[in-house]
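Q: Below you'll find the structure I mean.
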Amino acid sequence: MSRAAGRAVRDAAEPGGQTRPPIRQPARPIRELADPVAAQIAAGEVVERPAAALKELIENAADAGAERLQIEIAAAGRERIAVHDDGCGIAEHELALAFRRHATSKLERVADLSRLASYGFRGEALPAIAAAAGRVRMTSRPRGAARAARIEFEDGVSLGLRPAARAEGTTVEVDDLFANQPARRAFLAGPRAERAAILRTATDAVLARPGASLRLRLDARSPLAHEPAAGDAESQLRAAAASVFNNRAAERAAWLERRSEDGAVALDGLAGASDDARRTRDGLRLFVNGRPVHDRRLSFAVQEAYRGWLAAGAFPLCVVRLTVPAEAVDVNIHPAKTEVKLRDPGAAFGLIQRAIREALARESYRSPPRLGARSHEAEQPDLPDQAEPGSTTRPVFDGTGPRVALPTPVPRAAVLAEPRLGGWEQASSAVRDERLPPLRMVGQLHRTFIIAEGPAGLVLVDQHGAHERVVYERLLAAPEDAARALQPLLEPVLINLDAAEAASWSAARERLDGLGFRVEPFGERTLRVRAVPAALQTADAERLLRGVLADLGDEPAEPERFDRAAASAACHVSVRRGAVLDPPAMAALLRDLERCRQPHTCPHGRPTLVEIAADDVLRRFGRK
C-alpha cells in the first residue's frame, strides 16, 4: 500500500475501529470569481459594521484636508450614514474612478507603502460600501470648480453622473447598508451596541484631529459637537477631550509630552486623574501617526504606568498619541487598518511608561482628594479586622480594643531609598522629591482613620492603607547595607512545598533574594527560611512565603507579578482596620507616610488620605 493510501485509510478510521466512507468533493474547475462576487467578499472584509463604513468615510475626508465634518446617522447606521466635509473635493471625471477597486490617489508605487502619510491607501473602501449598500450617492465639488457633480449607485450598479448643487467639498450618503448582504445584516449587534461603536469612531476622529470641527447627529440626538480651540497642541487636545469625555476630566488631566533619546519617536497626550478612572477600557485611546489603533502591548504599557494609582478593576482615562517615522510602522496588516506593527515596539513601550509615570507624579497627585469627590467603585480585598494571629507584637495601647504592633522601623536610608517599582524606569529627580506636607496628629476615628491637621484643613488617613504604602515602599527600597534590611529568625523555619510552589521557587529564587528573604533548599521539596525582610518581620514566615510564591507564579520576572507580590505581602503585615493606635504610633505612621514616594494611594490604588478643606468647615458653621 502506498504512503498516501495508508494515510487515507487512517484518516477514515473511527474510534471504534470502524471506517467511514471518504468525503467526496465534486470536481470543480478553478475559475476567476465574477466581479459582483469578488466585490461582496471584499465588502465583508472592509465593512463589517456601520461604524467601519463611517470610519472609512471620515478618513477619506481627513485625507482631503477637511476642517469641518458633519455626520448624520439613522437607525444606528443601518438605514443611513451621511458625511459632509469641506475638503478639496473630487473632480467630475474622477468620481466613477473613485468607486473602482484599487483606485486611489494616495500612492502609486510599492515603495510608497513604506512612507504613507495618509489614512487610506488601498482604494477598497468606496467600492466595498457601494457593493454592500442598497444605495450610495457621492456629491463633490473641487475647490475652484464652477459646479458640483453627483454619482449614484444602486445595489452596486452605477446609475451614472449628473450635475448637482453643493459648496466646495464632498458629501457621501449611504442608505440601507448591507441590503445586499442579508446574512451580515442579521448578525449585526443591537442598535445600542452599534450606536456605541459609531460614537467611538467619531470620538476617535476628534482626538486624532482636534484642530478640525466635527458634529454628529445620531438617531435624533447630538451626542458630539466639537469645535477646535485656539492655541497650541495641548489646548486643542484638552478641548477635544472635553468634547469627548467631560470638561472636568480634561482640565485635571496631566499633559504628556516626551521624545525618545534619539528623537525618532515623539509622544503627546493626556493622562487622566484617578477620579476619572472607568470600569472599561473605553477611556484608553491610542493613536499612531494620527491613526486610532488597538494594540495590546501599548495598552498594557499605559495600564502598568498607572499601577499603584488606580484600584484593581479600574481603567485609566488616557489619550496617547505616538508619532513615529513613516518607515518605522507598518499599517498594512489589517483590512480595517485598526492594527499597526511598529519596528521598535519596545521603544514606544518605554516612552509611554516614562511619560505617564512622570506626568502623574508631577501634576495629578500633589494634594489628597477632597471629601465628596467622585470615586470609582472597585472590588477590594477582604481585610480582617484584627492583627494577624501568631505574629510577634509590640503593644502600643493599653486601653480597650485589639492591640496592634507596627513593625520596627528600618533605617531612614532604607525608607528614603528609591523603590524599584517593578523595574520600570524611574521618574526625574524633580518628580521623585514630591512628598506630603507635614501633618499634625489629632486623634483616631472609628479605629480606622487617623485624624490629622494639614496646611489646608483636616486630613483623614486610612491607617491600613497608609501602613500598606509605607511597608510596600520599604520592601522595594534598596538600602546601601542590604543586611540591615533583613530580620534573621531565631529558629529557621522549614516549609514543605507542593509541586506548583516548588516550580515557583525554582523560578523566583533571585526575586525572593532581592525582596530580602534568605531561603535555601533543604531536601527535594523543602525550604529552610533563615531570614525575612525587616519590613515584614511581624508576619508568619511560612504563610508569608507561600503567599509570595503564589503571587509570583511561574513568571516571576514579569514586573507586574513582582509588584503584586510586594503589595500582597505589605497588606499581610499592615495594621488592620479596627486596631486602636496610641498617639506616638499614629504620629510615627504619619511621618513615615510623609516620606513615601507615592503617599496618596496604597499599593492597590485606594486612596490613603482625604482632605476636608478648612474653608468648607468654616462655611458649614456659617463663618465664611
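A short reminder: the numbers here are calculations on the coordinates, not readings from a lab. Everything numeric in this text was worked out from a predicted model, so none of it was measured. Because the Cβ atoms are built from the backbone with ideal geometry, glycine has one as well, and the counts that use them run over all protein chains shown.
Q: Could you tell me the convex hull volume per residue, in Å³, taken over the Cα atoms of the range 557-624?
A: That works out to 144 Å³ per residue.
Q: Going highest first, how would you order 589-601, 214-226 by mean Cβ packing within 10 Å?
A: Result, highest mean Cβ count within 10 Å first: 589-601, 214-226.
Q: Tell me which residues come under 5 Å, amide H to amide H, from residue 522 once H is placed; ignore anything under 5 positions away on its chain.
A: 527, 528
Q: Apply the Karplus parameterisation 6.51 cos²θ - 1.76 cosθ + 1.60, with θ equal to phi minus 60°, to every residue of the range 198-207 and state each ³J(HN,Hα) to the nearest whole Hz, in sequence, with x for glycine and proline.
A: 5, 5, 4, 4, 5, 5, 4, 5, 5, 5
Q: Follow-up question, since we're still on this one. How long is the gain from residue 490 to residue 618 if the chain were fully straight, where each residue apart is worth 0.36 nm and the alpha carbon distance is subtracted?
A: 40.6 nm
Q: Quick check on packing: order 609-619, 523-533, 180-190 by the mean number of other C-beta atoms within 10 Å, highest mean leading.
A: My ranking of the peptides, most packed first, is 523-533, 609-619, 180-190.
Q: Go through 136-147, 237-248 and give me the packing order, highest mean Cβ count within 10 Å leading. Before the final figure, lay out each step's value.
A: Values: 136-147: 17.4, 237-248: 20.0.
Ranked from most to least packed, the peptides come out as 237-248, 136-147.
Q: In the range 482-539, which chymotrypsin sites (Phe, Trp or Tyr not before Pro) fall in coil by DSSP and have 16 or fewer other Cβ atoms within 10 Å?
A: On the way: sites: 505, 517, 522; in loops: 517, 522.
Filter output for the range 482-539: 522.
Q: Something else: Go through the range 612-624 residue by residue and turn each phi into a ³J(HN,Hα) via Karplus (6.51, -1.76, 1.60, θ = phi - 60°); whole Hz please, and just put x for glycine and proline.
A: Karplus values, whole Hz, x for Gly and Pro: 10, 4, 4, 4, 5, 5, 4, 5, 5, 8, x, 9, 7.
Q: While we're looking at this one, here's another question. So if each residue of separation counts as 0.36 nm, and I subtract the Cα-Cα distance between residue 498 and residue 94, what length gain in nm does that give?
A: So the extension gain works out to 138.2 nm.
Q: While we're on this one: Give the separation of the Cα centroids, the range 244-260 to the range 497-512, in Å.
A: Between the Cα centres of the range 244-260 and the range 497-512 lies a distance of 42 Å.
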